[in-house]
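What follows is one structure encoded as C-alpha cells, with my remarks underneath.
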Amino acid sequence: MTRRITRSLIGALLLLVSLAKISPLAAASLEKVNASYGAISGSMAQTWVAKEARLYEKYGLDLNLVYISGGPRSIMSLIGGSVQFVNHSGMPALEAYQRGADTALIASPMNQLEHSLVVQKNITSAEQLRGKVLGMSTAGSLTDILLREGLRLNGIAEKEVTIVPVGDLGARLSGLQTGRIHGAIIAGIQTLTANKLGFRTLIDYSKLPLEISGSGILVRRSYVSKNPDITLKFLKAWMEGLYLFRAKPEFALATLRKYVATQDAEVLNTIYNLYRERLMTKPMPTARVAKSMLYLLSRSSPEVAGVNPDGFIEARYINELENSGFFDEMNRLYAK
C-alpha cells in the first residue's frame with residue numbers, strides 16, 4: 001500500500017484537528033479576548049472562518065466575536081475597552097486618531113472600496129438625485145463620507161438632497177424596498193442582492209482611484225503595546241482564517257451561509273470568488289493607504305488635511321510574522 005498521502009488529505013486532516021473539541025483543561029488556559037466585525041460582507045470572511053474553524057483556540061485565545069454595525073460605534077467600543085480588536089474599514093479609526101485617540105491599523109488585507117450607491121430603478125443619472133432622499137449608516141461613518149464624496153464628484157451639492165442615517169446594510173436595503181429612501185450606500189452582498197431585486201448601481205466606488213483600507217484590524221496602541229503576545233496570536237488565527245478560506249471552498253461557503261444568512265447559491269459563490277481574490281494573504285498596512293484615506297476625510301473635514309497619518313500605521317506585527325516565517329508556513333500548509 002502506498003505511503004504517499006495527498007496534500008488535499010493532509011489539509012483535510014489539519015482542518016479536522018482545528019475543529020477538534022478543546023479539552024476542559026486547555027479551555028481553562030485560553031486568554032479571553034473580545035473582537036468585533038463591522039459589516040455583513042465578504043471582506044469579513046477570514047474573521048468568520050477563523051472563528052468557525054476554532055483557530056483562535058488553536059493559538060490560545062478564547063475569542064468572543066460580536067457584530068457591531070457602523071464605524072463610529074465600532075471605534076467607540078474599541079476606545080471604551082469593550083473590544084480589543086475590530087475588523088472594519090480603517091476610515092473611522094483614522095478619524096478618531098486625528099482627533100487624538102491612540103487607534104492604529106495593524107493589518108489591512110483589502111485596500112479598495114467595496115461600496116456602491118444603489119438607487120431606485122427609475123433613477124438613471126446623477127442629475128436625477130436632486131431632491132431625493134439618500135441613506136447611509138450613521139453620521140460620520142465611512143458610508144456618510146462616501147455618499148458626500150460621490151455627490152461632489154458628480155456635481156451635486158449636499159443641500160440639493162436629503163441625507164439620512166438608516167442603519168446597517170440590511171436596513172438600507174429594506175429602506176430601498178419600502179421606498180422610504182431613493183438611494184443608499186451599500187456594500188458586499190447587498191449590492192448583488194439589490195441588483196437582483198431590480199435596483200440600479202449608480203456609482204461604483206471600487207472604481208475610484210483611491211487606496212482605502214476596506215477591511216483591516218484596528219486596535220488601540222495602549223492595548224497592543226502591553227499585550228504583544230495576544231496581538232500576535234490574534235493575527236495568526238485571523239490570517240490562517242484567510243488561508244483556510246481560500247483553500248477550502250466548501251467550508252468557506254458554509255461559513256458565509258451562516259454569517260451572511262442566505263441560501264442563495266449564486267450570491268454565496270459570487271461573494272466567495274470575489275473576496276478570494278480581493279483579500280491579500282500578506283496584509284501589510286502602509287502609510288500610502290493612510291494618506292489616501294486622510295485625503296478622503298479632508299474632503300468633508302478640511303481641518304484634517306495637515307495631519308500626519310504615519311502614526312496611525314503599525315506594521316510591526318505583520319513584519320514580525322513575516323520574519324518568523326509564519327507566511328511561509330501558511331503557504332506550505334495550505335498549498336494546493
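Taking Cα pairs under 8 Å and at least six residues apart, what relative contact order does the chain come out at, in percent?
On the way: 598 pairs, mean separation 86.0, N = 336.
The normalised contact order for the chain reaches 26 percent.
The listed peptides 315-323, 221-229, 108-116, ordered by packing as a protection proxy, come out as 108-116, 315-323, 221-229 (highest mean of other Cβ atoms within 10 Å first). Placing pseudo-labels 7 Å out from each Cα toward the beta carbon at Lys291 and Ser125 gives an inter-label distance of 3.8 nm. In terms of the Cα gyration tensor, with a ≥ b ≥ c the square roots of its eigenvalues, is the range 210-322 rounded because a/c is under 1.5, prolate because a/b exceeds b/c, or oblate? It is oblate, given that a/c is not under 1.5 and a/b is not larger than b/c. Straight-line cross-link reach from Lys32 at under 28 Å between alpha-carbon atoms covers these lysines, not counting any fewer than eight positions away in the same chain: Lys21, Lys51, Lys58, Lys226, Lys233, Lys236, Lys248, Lys258, Lys282.
In this structure the amide hydrogen of Ile203, modeled in the peptide plane, comes within under 5 Å of the amide hydrogens of Leu117, none closer than 5 places in sequence on its chain. Note on Lys121: lysines with a C-alpha under 22 Å away, same-chain residues under 8 apart excluded, are Lys132, Lys196, Lys207.
From least to most packed, judged by other beta carbons within 10 angstrom and beginning with the fewest, Thr270, Thr178, Thr193 follow the order Thr178, Thr270, Thr193.
Tell me the mean residue ellipticity at 222 nm calculated for the chain from its helices only (DSSP H runs of n ≥ 4, each -39500 (n - 2.57), averaged over every residue, nearest 500). Don't skip to the end; give the middle numbers.
Working: 16 runs with 156 residues, N = 336.
Result for the chain: -13500 deg cm²/dmol, rounded to the nearest 500.
Spin-label pair Phe327-Ala254: with each label point 7 Å from Cα along the Cα-Cβ axis, the two points sit 3.0 nm from one another.
Pairwise inverse Cα distances across the range 115-207, averaged and inverted, put the Kirkwood hydrodynamic radius at 12.6 Å. With contacts taken as Cα pairs under 8 Å at a separation of at least 6 residues, the range 115-207 carries a relative contact order of 50 percent.
According to the square roots a ≥ b ≥ c of the eigenvalues of the Cα gyration tensor, what is the shape class of the range 187-276, taking rounded for a/c under 1.5, prolate for a/b larger than b/c otherwise, and oblate for the remainder? Since a/c reaches 1.5 but b/c is at least a/b, the shape of the range 187-276 is classed as oblate. Arranged from fewest to most other beta-carbon atoms within 10 Å of their beta carbon, Glu277, Glu314 become Glu277, Glu314.
Read-outs throughout are calculated quantities, based only on the coordinates presented, and are distinct from any laboratory measurement. As the structure is a computational prediction, the values presented were derived from the model and not from experiment. Here the Cβ is made from the backbone with ideal geometry for all residues, glycine too, and neighbour counts use every protein chain on show.
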